[in-house]
Amino acid sequence: MSIKVSACPRDCYSTCSFLVSVNNGRIGLIEPHPGNRATSEGICLKGLSYSERVIHPDRLLYPLKKIGGEFVRIGWDEVFSIIASKIREMHEKYGPESILYYAATGTKGLLNRVGPAFWELSGGFTSTYGDLCWPSGLEATRLTLGENKHNAPWDIEDSGLIISWGKNIAETNIHQMKFIENSLKNGGKFVVIDPRRTETSSKADIHISPAPGTDGALALGIGNLLIRNDFIDKEFIKNNVKGFNEYKKTAGKYTPDIVARITGVSAEELAELSEIIGKTKPMTITAGFGMQRYRNSGQTIRSLIALPVITGNIGKKGGGWVYANLQSHIFDAIVDPLAIYPVNDKENIRNSISVSKLGEGILKSKDPPIKMIWVERGNPVTQNPDTTSVIEAFRSLDFRVVVDQFMTDTAKEADIVLPAKTMFEQSDVINAYWHHYIQLKQKIIDPPGEVKPESEIFYHLAMKLGLSESDLKGKIPPPSDEGVEEFLKERVADFSGLSLDRLKEGPLPAPGSRDIVFDDLIFRTPSGKIELSSDEAEERWGVDKTPEYKPPAVSDKSDLPFVLLSSNTKNRIHSQFGNLKMISQFDDPSFIHINPDDASKKGISEGSSVEVFNNRGIISGKAKIDFGLRSGSLLVRNGRWMDEGGSVNFLTGQIETDMGYGAAFYDNRADIRRLS
Ligand SMILES: Nc1nc2c(c(=O)[nH]1)N[C@H]1C(S)=C(S)[C@@H](COP(=O)(O)OP(=O)(O)OC[C@H]3O[C@@H](n4cnc5c(=O)[nH]c(N)nc54)[C@H](O)[C@@H]3O)O[C@H]1N2
Ligand SMILES: Nc1nc2c(c(=O)[nH]1)N[C@H]1C(S)=C(S)[C@@H](COP(=O)(O)OP(=O)(O)OC[C@H]3O[C@@H](n4cnc5c(=O)[nH]c(N)nc54)[C@H](O)[C@@H]3O)O[C@H]1N2
Ligand SMILES: [Mo]
């Protein structure tokens with residue numbers, strides 16, 4: 001048996017460092033690497049279940065081609081010829097932009113760049129813009145503070161007050177709980193703002209439950225009281241903030257009565273909340289992506305950031321705004337905020353389809369229309385809004401290729417399915433978005449069956465298309481472990497203090513990263529100050545310069561009584577892991593959550609068979625009576641496959657957020673009925 005250093009490449013806050021036991025080519029116990037101060041505590045169940053995932057009997061091990069509705073095994077050489085000739089056909093008939101390359105968040109790594117590099121070398125393609133996950137919050141933070149970075153995870157141990165806002169830490173960022181608990185031991189206070197009681201709120205001193213999508217009004221109401229009661233840091237504001245007077249005017253409109261009417265949070269709760277924020281220093285707001293999945297979310301997030309700003313908590317130990325820490329994104333285009341927006345910076349790359357409107361975008365595409373899709377690291381049929389539209393779009397195409405580890409709902413729609421590697425079967429370098437370590441995810445075992453990592457797939461396809469080794473240099477590594485290692489070495493060589501050899505020992509802090517950020521009071525905004533009033537917000541997104549509250553889409557007139565939430569869940573990550581025994585043994589068969597009052601009005605009890613429906617679709621399952629859920633809301637965790645009752649995205653709409661081209665997943669209505 002040997003033990004190897006690696007790291008989890010899932011798109012998760014924690015991004016744990018691993019010590020992986022391997023015995024005769026089999027992955028065994030996975031333990032935490034002590035060198036990662038953020039995740040040294042332990043591995044989550046998903047991490048432990050990798051040992052099952054890798055050898056799961058349903059894993060795809062060979063290329064498959066659909067013939068007469070059935071998938072049949074074929075050889076790599078044949079599959080490369082089929083795909084290469086389809087690419088040529090698309091180029092001739094419609095032009096390269098008739099090919100959509102869709103890659104999502106199934107796994108992280110520098111080698112993810114090989115895909116776009118291949119499609120660019122092949123002559124061009126269409127790509128998507130925006131992101132399903134976090135972009136309106138990223139943009140709101142960038143507009144206000146200039147950069148997306150925050151204090152080190154352990155810094156909140158020194159907070160006097162921690163506010164978890166729209167984040168279910170105990171499920172989605174498990175390792176943050178330890179630092180919160182340490183702060184509580186030191187006498188810190190913990191507030192949770194979430195329309196549901198959660199595992200996280202069970203640890204809180206105060207739980208505030210606003211109506212979904214109304215957090216902007218709540219934050220402005222708090223701001224108003226902080227100003228009125230003189231709980232603000234005038235010196236900090238004078239020296240570092242642009243637009244305080246405009247903000248004060250906007251916030252002034254949000255009196256406790258108005259806030260109570262919009263949010264359902266009482267004037268007493270609001271007073272208590274603003275007093276604790278005003279009197280407790282330092283304060284950290286650790287904001288998740290919950291309230292960021294509404295149409296109004298960019299402005300909402302801007303109004304949240306204003307609170308640590310006006311109380312002078314920015315740049316302080318134990319204080320600040322914790323949303324996304326991109327200090328380790330040293331290799332990544334995302335440091336350039338324009339990378340996720342629809343800019344056509346390269347002649348042969350059309351960046352024209354919004355991920356939040358994937359179905360509609362494909363169906364309406366023109367000049368040329370999309371005719372072929374390549375899906376990699378994504379499960380859009382399950383995960384993107386409006387599943388019916390996504391399926392319709394897939395079925396409208398001439399040719400579909402999906403690369404995945406399992407026969408997902410998306411893979412089932414494909415003409416060709418290619419088997420994907422797991423994290424143990426190719427080395428890669430990964431970053432994170434909560435802590436600031438760079439890590440090496442090491443190759444530990446050979447891929448099983450005929451599995452080839454994507455970089456090899458693209459290498460061979462490039463050869464079939466007549467490209468030469470020299471065309472690929474620095475863009476697509478040769479298909480060998482040495483080739484990949486060389487490729488990664490070249491990428492890290494630009495950064496002093498980083499080397500693959502050092503990364504083989506464990507995680508390394510990203511060069512230039514800091515535990516406390518903004519303590520230099522440098523803000524990379526147009527004015528050089530924190531911008532509570534932003535001209536760019538107005539110019540780029542057409543929103544008010546100051547973060548004014550706008551109602552979410554769910555408050556548009558509708559005869560459907562429930563807001564449908566679909567947040568993430570502890571033992572799965574989106575559509576991954578649910579098919580493993582180690583995970584499914586803990587599944588609750590009742591997964592459609594409803595408040596007891598609403599349930600009794602609808603004649604629903606625990607375990608009743610129910611249908612949730614709206615004008616877009618319908619899903620069925622068993623009801624769970626959830627005492628912690630706000631009346632008027634339903635909750636169905638996202639990521640369920642068709643054979644588990646269907647994705648909740650059958651019911652979600654193709655609604656974009658006010659900035660960043662995100663998806664307003666939670667901003668929609670539905671109804672529920674008992675089936676028998
Ligand atoms: N209703 C609703 N929908 C949501 C959300 C929500 O809150 N509510 N959340 C949204 C968010 S935040 C996100 S980030 C998205 C996530 O949605 P996606 O980005 O689609 O991510 P996953 O479902 O995690 O993984 C997609 C696929 O990647 C595959 N995969 C894993 N590793 C590899 C690999 O190395 N190579 C290849 N080729 N494939 C691999 C997995 O097997 C899986 O089938 O979902 C979004 N959808
Ligand atoms: N175990 C696990 N961990 C994960 C993931 C996973 O799927 N599973 N996914 C990873 C990824 S890609 C992401 S994006 C993150 C997401 O993780 P989080 O940031 O925690 O985001 P969500 O799960 O979308 O929602 C968090 C909370 O917001 C609440 N919420 C919903 N609407 C509102 C609202 O209007 N106002 C307020 N204040 N709260 C609201 C929900 O009830 C929920 O409890 O987690 C990452 N970590
Ligand atoms: Mo996400």
Condition first: small (Gly, Ala, Ser) and within 16 Å of ligand 2 (Cβ to nearest atom). Now tell me which residues in the stretch 146-178 satisfy that.
164, 166, 170
So which pairs qualify, if the first residue must be in the stretch 229-242 and assigned by TED's automatic domain parsing to the domain that holds residue 278 and aliphatic (A, V, I, L, M), the second must be modelled with pLDDT of 95 or more and not in a strand (DSSP E or B), the Cβ gap must be under 7 Å, and the two must be at least 6 apart or on different chains?
232/226; 232/310; 232/311; 237/244; 237/310; 241/309; 241/529; 241/532
Listed by first then second residue, the pairs whose first member lies in the stretch 119-132 and is closer than 28 Å to residue 665 by Cα, whose partner is assigned to a loop (DSSP other than H, G, I, E, B) and of a type in the set (Phe, Trp, Tyr), with beta carbons under 8 Å and at least 6 positions apart or on separate chains, are 129/341; 129/661; 130/341; 130/661; 131/661; 132/665
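Rundown of residues vs (1) in a loop (DSSP other than H, G, I, E, B); (2) over 17 Å from residue 554 (Cα atoms); (3) within 16 Å of ligand 3 (Cβ to nearest atom); (4) not basic (Lys, Arg), yes/no style:
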position	(1), (2), (3), (4)
597	no, yes, no, yes
605	yes, yes, no, yes
611	no, yes, no, yes
623	no, yes, no, yes
654	yes, no, no, yes
List the number of the failed condition for residue 163; all other conditions in (1) open to solvent by less than 20 Å² (accessible area, probe 1.4 Å); (2) closer than 27 Å to residue 572 by Cβ; (3) assigned by TED's automatic domain parsing to the domain that holds residue 349 hold.
(3)
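Report yes if residue 76 is within 16 Å of ligand 1 (Cβ to nearest atom), touching a residue at least 60 places away in the same chain (Cβ under 8 Å), over 16 Å from the mean Cα position of the chain (by Cα) and open to solvent by 20 Å² or more (accessible area, probe 1.4 Å), otherwise no. Explain how you work it out, then say what you get.
Working: within 16 Å of ligand 1 (Cβ to nearest atom): yes; touching a residue at least 60 places away in the same chain (Cβ under 8 Å): yes; over 16 Å from the mean Cα position of the chain (by Cα): yes; open to solvent by 20 Å² or more (accessible area, probe 1.4 Å): yes.
Answer is yes for this residue.
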Counting only residues that are away from ligand 3 (no atom under 16 Å from the Cβ) and either outside the structural domain of residue 311 (by TED's automatic domain parsing) or closer than 22 Å to residue 299 by Cβ (or both), how many does the stretch 142-160 have?
8
Out of all the residues in the stretch 544-595, which are within 16 Å of ligand 3 (Cβ to nearest atom) and under 27 Å from residue 657 (Cα atoms)?
565, 566, 567, 568, 569, 570, 572, 573, 574, 575, 576
Restricting attention to the stretch 549-566, which residues are buried (at least 21 other Cβ atoms within 10 Å of the Cβ) and at pLDDT below 95?
554
Just name the residue that is surrounded by the fewest Cβ atoms within 10 Å (Cβ to Cβ) out of those in the stretch 576-613 that are closer than 16 Å to residue 638 by Cβ and in contact with a Lys or Arg (Cβ under 8 Å, 6 or more places away or on another chain).
588
With respect to the numbered conditions (1) surrounded by 17 or more Cβ atoms within 10 Å (Cβ to Cβ); (2) within 16 Å of ligand 1 (Cβ to nearest atom); (3) in a helix (DSSP H, G or I), which one is the sole condition not fulfilled by residue 52?
(1)
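Out of curiosity, is residue 392 modelled with pLDDT of 95 or more, away from ligand 1 (no atom under 14 Å from the Cβ) and either of a type outside the set (Val, Ile, Thr) or over 19 Å from residue 33 (Cβ atoms) (or both)? Explain how you work it out, then say what you get.
Numbers: modelled with pLDDT of 95 or more: yes; away from ligand 1 (no atom under 14 Å from the Cβ): yes; either of a type outside the set (Val, Ile, Thr) or over 19 Å from residue 33 (Cβ atoms) (or both): yes.
Yes, satisfied.
Kindly evaluate residue 643 against the criterion of being within 20 Å of residue 569 (Cα to Cα), away from ligand 3 (no atom under 16 Å from the Cβ), part of a helix (DSSP H, G or I) and open to solvent by 20 Å² or more (accessible area, probe 1.4 Å). First the steps, then the outcome.
Numbers: within 20 Å of residue 569 (Cα to Cα): yes; away from ligand 3 (no atom under 16 Å from the Cβ): yes; part of a helix (DSSP H, G or I): yes; open to solvent by 20 Å² or more (accessible area, probe 1.4 Å): yes.
So residue 643 fits the description; yes.
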Of the residues 434, 374, only one is within 16 Å of ligand 3 (Cβ to nearest atom) and open to solvent by less than 10 Å² (accessible area, probe 1.4 Å); which?
434
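State all residues of the stretch 20-46 that are assigned to a strand (DSSP E or B) and open to solvent by 50 Å² or more (accessible area, probe 1.4 Å); if no residue qualifies, say none.
Within the stretch 20-46, 23, 26, 29, 31 meet the criteria.
Among the residues of the stretch 382-396, write down those that are at negative phi, open to solvent by 10 Å² or more (accessible area, probe 1.4 Å) and away from ligand 2 (no atom under 16 Å from the Cβ). Steps first, please.
From the stretch 382-396, those at negative phi are 382-385, 387-396; that's our starting set.
Now narrow it down to the ones that are open to solvent by 10 Å² or more (accessible area, probe 1.4 Å): 383, 388-389, 391-392, 395-396.
Answer for the stretch 382-396, where residues must be at negative phi, open to solvent by 10 Å² or more (accessible area, probe 1.4 Å) and away from ligand 2 (no atom under 16 Å from the Cβ): 388, 389, 391, 392, 395, 396.
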Residues (away from ligand 3 (no atom under 16 Å from the Cβ), part of a helix (DSSP H, G or I) and crowded, with 20+ Cβ neighbours inside 10 Å) located in the stretch 111-133
111, 114, 115, 118, 119
Let me confirm something: among 316, 249, 281, which residue is assigned to a helix (DSSP H, G or I) and either within 25 Å of residue 536 (Cβ to Cβ) or in the same structural domain as residue 205 (by TED's automatic domain parsing) (or both)?
249
Would you be able to say whether some residue in the stretch 86-99 is free of Cβ contacts under 8 Å to residues at least 12 places away in the same chain and open to solvent by 30 Å² or more (accessible area, probe 1.4 Å)?
yes
Can you go through 666, 661 and tell me which one is out of contact with any His (no Cβ under 8 Å at 6 or more places or on another chain), within 12 Å of ligand 1 (Cβ to nearest atom) and either open to solvent by less than 20 Å² (accessible area, probe 1.4 Å) or outside any helix (DSSP H, G or I) (or both)?
666
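The values are calculated or read from the model by the stated rules, or taken from the named source; none is laboratory data. Note that the structure is predicted; figures quoted are calculated from it, not measured. Positions of Cβ are generated from backbone atoms using ideal geometry, with glycine treated the same way; all protein chains shown enter the neighbour counts. Each accessible area value is taken on the protein alone, full model and side chains, heavy atoms only, with ligands, DNA and RNA left out. Shrake-Rupley method; radii C 1.70, N 1.55, O 1.52, S 1.80 Å.
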